[in-house]
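This report refers to the structure that appears directly beneath it.
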Amino acid sequence: MQTLISVIMPVFILIGFGYLAAWRGYFSPTNVDGLMRFATNFAVPVLLFRAISNLDLAAEYNMSMMGSFYGAAFLCFGTGLIGARFLFGRDWEDATAIGFVCLFSNSLLLGLAIMERAYGTDSLTGNYAIISIHAPFCYGLGIATMEVMRARRTAQSRVLLTVLKAMFSNALILGIGLGFAVNLGGVPVPEPVMHAVNLLASAALPAALFGMGGVLYRYRPEGDMRTILFCCAVSLGLHPALTYGFGTINGIATESLRSAVVTASMAPGINAYLFANMYGRGMRVAASTVLIGTAFSVVSVWLWLGTLP
């Protein structure tokens, strides 16, 4: 119970403040959009730039940890896609969007915040390693699958171009890419610039969590409850369970296991809705799963933290 109160509740109270402010009209939809644009297009990419530029790549890119997390994520994408198609009778495009909901954990806004609260700032290196390829992996898999499903309307030769364009127009990926360039190239960052980076990065998570509350108020649940609960079960239950199992079999270190399982146990993030909205498929399921899954994760994350060494 102490973990629930001291680690998880502060994160969700901040989200709740954003939700309450939007609900009561103190923070307008325009304000929410502006704050989220600041967080996701500027502050969070700078946070990722700082983390990746300082990451010891040789030490932190643990292939067993990465394989455990992403192997589980891939299986959850397939589970969501096949389940949507054959359990709920959705067409293949809708099924792909629903698979993406099951794939894309909120590794950044929730994952980093909860991991830091639970295990301290020094525990985040494994999370940053996972996050560094999270958006490229998820968007690459989701867009490639969707374009293949739509191939009857899209030239096959354009699939790769569509994937690359969507990935490299994403501010988060640009921040990660610049971080890798500085890290691998040994590029020195002037001290005044680094101070500015630190100031902006420090605002990233509080701003994003408060804004996320306002976004969640906008996407109130509507219908498709069986499909939504299915997505929540895959995201909050199957993904961390598979990651824990794979990590245990691979014998990864305790610190790496924590990073992988905590990240896997996060509810679907806003990107799940953005992907669905990009294609106009499964939007109601995506939006409602983000809201309901985030609410359920108050308890599910607490339970997963209790299972970790």
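The values are calculated or read from the model by the stated rules, or taken from the named source; none is laboratory data. For clarity, every value in this text was computed on a predicted model and none was experimentally measured. Virtual Cβ from ideal backbone geometry, glycine too; neighbours counted across all protein chains shown. Please note that ligands, DNA and RNA were not included when accessible areas were found on the heavy atoms of the full protein model with its side chains. Shrake-Rupley method; radii C 1.70, N 1.55, O 1.52, S 1.80 Å.
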### Summary
Relative contact order as a percentage, the chain, C-alpha pairs under 8 Å and 6+ apart, gives 34
### Query
Ignoring ligands, DNA and RNA, how do 75, 236, 303 rank by accessible area with a 1.4 Å probe, largest first?
303, 75, 236
#### Entry: For the stretch 223-267: relative contact order, % (alpha-carbon pairs under 8 angstrom, 6 or more apart)
52
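Order 194, 225, 212, 36 by their accessible area, 1.4 angstrom probe, all chains in place, largest first.
Sorted descending by solvent-accessible area, the residues read 225, 194, 36, 212.
At 1.4 Å probe size, with the rest of the protein present, what percent of the exposed accessible area of the stretch 1-134 is carbon and sulfur atoms?
Working: 3400 of 5490 Å².
The computed percentage sits at 62.
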### Message
At q = 0.08, 0.10, 0.14 Å⁻¹, what log₁₀ I(q)/I(0) does the chain have when each alpha carbon counts as one equal point scatterer in the Debye sum?
### Response
-0.33, -0.53, -1.09
### Task
May I have the pair-distance distribution P(r) for the stretch 17-72, computed from all Cα-Cα distances with 10 Å bins from 0 and rounded to whole percent?
19, 25, 25, 22, 8
### Amide proton proximity set for residue 267, modelled H, under 5 Å, gap of 5+
106
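Select from the chain the helices, each a whole stretch of DSSP H, whose alpha-carbon atoms run 24 Å or more along the helix axis and whose Kyte-Doolittle mean is at least -0.5; answer none if there are none.
Values: long enough: 63-86 (33 Å, 1.12); 283-307 (33 Å, 1.42).
Sorted by number, the helices that extend far enough and score high enough are 63-86, 283-307.
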### Message
Not counting ligands, DNA or RNA, and with a 1.4 Å probe, what is residue 121's accessible surface area in Å² rounded to the nearest 10?
### Response
90
## Note on the structure
Of all C-alpha pairs within the stretch 103-143, those more than 14 angstrom apart amount in percent to 46
### Query
Taking a 1.4 Å probe, which of 47, 35 shows the most accessible area, and what order do the others take after it?
35, 47
### Message
Using the basic label-point model (7 angstrom from Cα toward the beta carbon), what is the residue 295 to residue 184 distance in nanometres?
### Response
4.4
### Task
Sticking to Cα atoms, compute the Rg of the stretch 179-309 to one decimal and its Dmax as the biggest Cα-Cα distance, whole number, in Å.
18.3, 53
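Would you work out if the stretch 199-260 is rounded, prolate or oblate? Take a ≥ b ≥ c from the square roots of the eigenvalues of the alpha-carbon gyration tensor; rounded if a/c is under 1.5, else prolate when a/b is larger than b/c, oblate otherwise.
Since a/c reaches 1.5 but b/c is at least a/b, the shape of the stretch 199-260 is classed as oblate.
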### Query
Over the heavy atoms of residue 85, what accessible area does a 1.4 Å probe trace out, to the nearest 10 Å²?
70
### Task
Compute the separation of the alpha-carbon centres of the stretch 7-27 and the stretch 90-126 and state it in Å as a whole number.
20
